[in-house]
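Worksheet: the structure to be examined is printed underneath.
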Amino acid sequence: MADNTNIISEEKEGILYLTVNRESKLNALNFDTLEEIRNIFNEVSDNKNIKAVIITGSGEKAFIAGADISEIAELNELNARKFAENGQEIFSLIENCHKPVIAVVNGFALGGGCELAMACHMRIASANAKFGQPEVNLGIIPGYGGTQRLTYLIGRGKANELMMTGDMIGAEEAKSLGLVNYVCESKNEAMAKAEEVIQKIMSKAPLAIGMIVDCVNAVFIQGENGYQTEANSFARCVKSGDYKEGTSAFLEKRKPVFKGE
Ligand code: COA
């Protein structure tokens, strides 16, 4: 993994741990941090040693408290669209990653932080996590995919309420709305839960996991026939060695050993 300034990355036993490391700014996403995330996810796709990714924020207070407002304050009509498209593009890399990506939300996940968490495949929160899209307080709207992902994750009425009021919600409410998968007492426990889920996924057929990502994302691509994507992906799985291994192992009453081939 290339050297990064704002993201600490560490690979252990196939899991890439990413920590957004701007604690004094509550891990706010500036342009440089976003570029580092882009480069990392491009590498994750190509790196066979990396099987899964966990993203968290440095410290106990914040996951990511949003895009960096000092940079937002400098936007103009000409570059604002590019600003949003750039963030959307980077978060799509996360969403479309064929390896499982879990956000361990250890505090404030606001604005771009909530949007980044929503681009991950799952979210596991510590009890002190707070979610919100407070852009309306700054005279703007979410621009890194939040209007879309929040709506499909929690439904139109609640998404409208959160974005129009700018209110934050706690971890338990986020769970009851379907925004997070699990709530744990502490950041350490949330990390352990994320590892447990990832270990389970890593024991399954990697190509099938990638196909699930594509099919689930197809639900939200306008004009794409998700059933067709599913049938095509199903057929691709059947071409794989993992399919032969999985079915043979079942019939031979043994545990499968998947190779991702
Ligand atoms: N962009 C840039 N800097 C940010 C930031 C952001 N999104 N969020 C927090 N910070 C900085 C603060 O400016 C402060 O820096 P300073 O110490 O140099 O002044 C530092 O992080 C700590 O934040 P502070 O506001 O002092 O902490 P708090 O506990 O009083 O409040 C929040 C925490 C999260 C409620 C508050 O920081 C906040 O509202 N942040 C902005 C959230 C937001 O609107 N995000 C969406 C952006 S589009």
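The table below gives the values:
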{"item": "Any hit, region 96-106, residues being farther than 30 Å from Gly260 by Cβ and within 16 Å of the ligand (Cβ to nearest atom)", "result": "yes"}
{"item": "Lone qualifier among Thr19, Thr33 - being touching a residue at least 24 places away in the same chain (Cβ under 8 Å), among the polar types (S, T, N, Q) and more than 16 Å from the ligand (Cβ to nearest atom)", "result": "Thr19"}
{"item": "Selection count, region 211-260, where residues are within 25 Å of the chain's Cα centre (by Cα), under 24 Å from Gly14 (Cβ atoms) and outside any helix (DSSP H, G or I)", "result": "3"}
{"item": "Within region 121-153, tally of residues that are touching a residue at least 24 places away in the same chain (Cβ under 8 Å), in contact with an Asp or Glu (Cβ under 6 Å, 6 or more places away or on another chain) and part of a loop (DSSP other than H, G, I, E, B)", "result": "4"}
{"item": "Lone qualifier among Asn21, Asn6, Asn27, Asn49 - being crowded, with 22+ Cβ neighbours inside 10 Å and polar (S, T, N, Q)", "result": "Asn27"}
{"item": "Hits in region 53-106 (condition: closer than 21 Å to Gln133 by Cβ, assigned to a loop (DSSP other than H, G, I, E, B), of a type in the set (Gly, Ala, Ser) and free of Cβ contacts under 8 Å to residues at least 60 places away in the same chain)", "result": "Ala65, Ala73"}
{"item": "Residue that is farthest from Ala119 (Cα to Cα), among those in region 36-52 that are free of Cβ contacts under 8 Å to residues at least 40 places away in the same chain and assigned to a helix (DSSP H, G or I)", "result": "Asp46"}
{"item": "Meets criteria (more than 30 Å from Lys259 (Cβ to Cβ), more than 16 Å from the ligand (Cβ to nearest atom) and out of contact with any His (no Cβ under 6 Å at 6 or more places or on another chain)) for Glu89", "result": "yes"}
{"item": "Selection count, region 202-242, where residues are hydroxyl-bearing (Ser, Thr, Tyr) and crowded, with 18+ Cβ neighbours inside 10 Å", "result": "3"}
{"item": "Residue count for region 185-210, restricted to those that are outside any helix (DSSP H, G or I) and of a type in the set (Lys, Arg)", "result": "1"}
{"item": "Met118 vs. criteria within 16 Å of the ligand (Cβ to nearest atom), free of Cβ contacts under 8 Å to residues at least 40 places away in the same chain and assigned to a helix (DSSP H, G or I)", "result": "no"}
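Since every read-out is calculated from the coordinates, none of them should be taken as a lab result. Worth saying up front: this structure is predicted, and the values here are computed from it rather than measured. Counting neighbours? That spans all protein chains shown, and the Cβs are built from the backbone with ideal geometry, glycine included.
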